[in-house]
Amino acid sequence: MQRAGVAVIAAVVLSSAVGGAAAREAGGWRKAAPLPLARTEVAAAVLGRELVVIGGFLADGRSSPRVDAYSPARNRWRRLPDLPVAVNHAMAASSRGRLYVVGGYGAPRRAFVFDRGRWRRLPSLPAPRAAAGAAVVGRTLYVVGGVGNGSLAERALAFDLVRRRWARIPGPTRREHLGATALGGRVYAVAGRERGTNFDYFQAYEPARRRWIDLPKVPDPRGGTAAAAIAGRIVSVGGEAPEGTEETVYAYTVRTRRWRRLPDLPTPRHGLGVVSLAGRVYAVAGGPQPGLFVSSANEYLPLS
């Protein structure tokens, strides 16, 4: 690894088959109401009791400003106000009832917050970002990895949600199309790629020490992936390679520092949105084949 940190050596424990103990424990993936408009390379986050999907590519290659919210309790989608710009490969995260959307191709320096039913512009990013990951720890929104100024970003970005100021901070090992999430006061950067080469990197950022640490690698290299945190675990879902899209799903347990295989994703996809909500991990939208393909799939895995 290129970043400062202490390598943690741990055994990788995988279940022997999808139909084995992991499948019985989780109950398997289930289908929910499909996304109203199929797309890929979306951003996604949780807002209150709903899952929100933002932007993305449409089947004809156009970017979309569309925003849809899904209620697990009702198994229904509703339309939210469009983002002020059409984007793909944007990043999203939420905190204290507010939804933040930053960067993406189409508006790589712009940032917005959805609050009280409307979008408002935030201070512009100090550097362009797309195909990165975003997560909130405390009062700070972190944007990690991705592409800026035509090359892989060396530094991560941190936005103080109270003072509304951006800062540059150390970044993880350089890569794009990675997954990012937060758990226990850390930001996690999961897998990713560079120029078609998929990585198995797994790193965590400790804000108090301003450093990244290396963790046990993801069992399968993957780019075009996404991640979510749930019940003390980091779950990695989706991805693509020249030979096809990724169906394998893995969970890293922070306490034991081990990876475990979970039931395979029924509709393998890349460029999807992955969030945790109400004891479930949701995988929404994305491309079912490498390249520009779209899906309206909405599937969830119960985990507790």
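The values are calculated or read from the model by the stated rules, or taken from the named source; none is laboratory data. Everything numeric here is computed off the predicted structure, so don't read it as measured data. Neighbour counts run over all protein chains shown; Cβ positions are idealised from the backbone, glycine included.
Numbers at a glance
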| item | result |
| --- | --- |
| Output for the range 33-77, where each listed residue is surrounded by fewer than 17 Cβ atoms within 10 Å (Cβ to Cβ) and under 22 Å from VAL102 (Cα atoms) | GLY48, ARG49, GLY61, ARG62 |
| Close pairs (7 angstrom Cβ cut-off, 6 or more residues apart or separate chains): closer than 15 Å to THR173 by Cα in the range 215-232, modelled with pLDDT under 95 and not in a loop (DSSP other than H, G, I, E, B) anywhere | none |
| Pairs where the first residue, in the range 131-142, is within 13 Å of ALA153 (Cα to Cα) and the second is assigned to a loop (DSSP other than H, G, I, E, B) and at pLDDT 95 or above, C-beta under 6 Å, 6+ apart | ALA131/HIS89; ALA131/GLY146; ALA131/HIS177; ALA132/GLY145; ALA132/GLY146; GLY133/GLY145; GLY133/LEU178 |
| Residue satisfying all of: in the range 129-142; outside any strand (DSSP E or B) and touching a Leu at 6+ places or on another chain (Cβ under 7 Å); surrounded by the most Cβ atoms within 10 Å (Cβ to Cβ) among these | ARG129 |
| Positions within the range 186-200 being outside any strand (DSSP E or B) and either surrounded by 23 or more Cβ atoms within 10 Å (Cβ to Cβ) or among the hydrophobic types (A, V, I, L, M, F, W, C) (or both), in sequence order | ALA191, GLY192, PHE199 |
| Residue in the range 113-128 that is closer than 18 Å to ALA158 by Cα, assigned to a strand (DSSP E or B) and of a type outside the set (Val, Ile, Thr) present | yes |
| The range 143-172 - residue that is assigned to a loop (DSSP other than H, G, I, E, B) and free of Cβ contacts under 8 Å to residues at least 40 places away in the same chain and, of those, surrounded by the fewest Cβ atoms within 10 Å (Cβ to Cβ) | GLY150 |
| Conditions (1) touching a residue at least 24 places away in the same chain (Cβ under 8 Å); (2) surrounded by fewer than 24 Cβ atoms within 10 Å (Cβ to Cβ); (3) of a type outside the set (Asp, Glu); (4) farther than 18 Å from VAL187 by Cβ; number of the one not met by GLY104 | (2) |
| Residue check, TRP212 over 15 Å from the mean Cα position of the chain (by Cα), closer than 30 Å to PHE159 by Cα, aromatic (Phe, Trp, Tyr) and assigned to a strand (DSSP E or B) | yes |
| Test for GLU246: is it surrounded by fewer than 24 Cβ atoms within 10 Å (Cβ to Cβ), modelled with pLDDT of 95 or more and closer than 21 Å to ARG175 by Cα | no |
| Matching residues, the range 251-277, being crowded, with 23+ Cβ neighbours inside 10 Å and without any contact (Cβ under 8 Å) to a residue 40 or more places away in the chain | PRO268 |
| Test for ALA111: is it within 24 Å of THR248 (Cα to Cα), of a type in the set (Gly, Ala, Ser) and free of Cβ contacts under 8 Å to residues at least 60 places away in the same chain | no |
| Cβ-Cβ under 8 Å pairs, at least 6 apart or on other chains, the range 280-304 side within 16 Å of GLU247 (Cβ to Cβ) and part of a loop (DSSP other than H, G, I, E, B), far side of a type outside the set (A, V, I, L, M) and modelled with pLDDT under 95 | PRO290/PRO242 |
| Within the range 181-196, tally of residues that are among the β-branched types (Val, Ile, Thr) and farther than 15 Å from ALA131 by Cα | 1 |
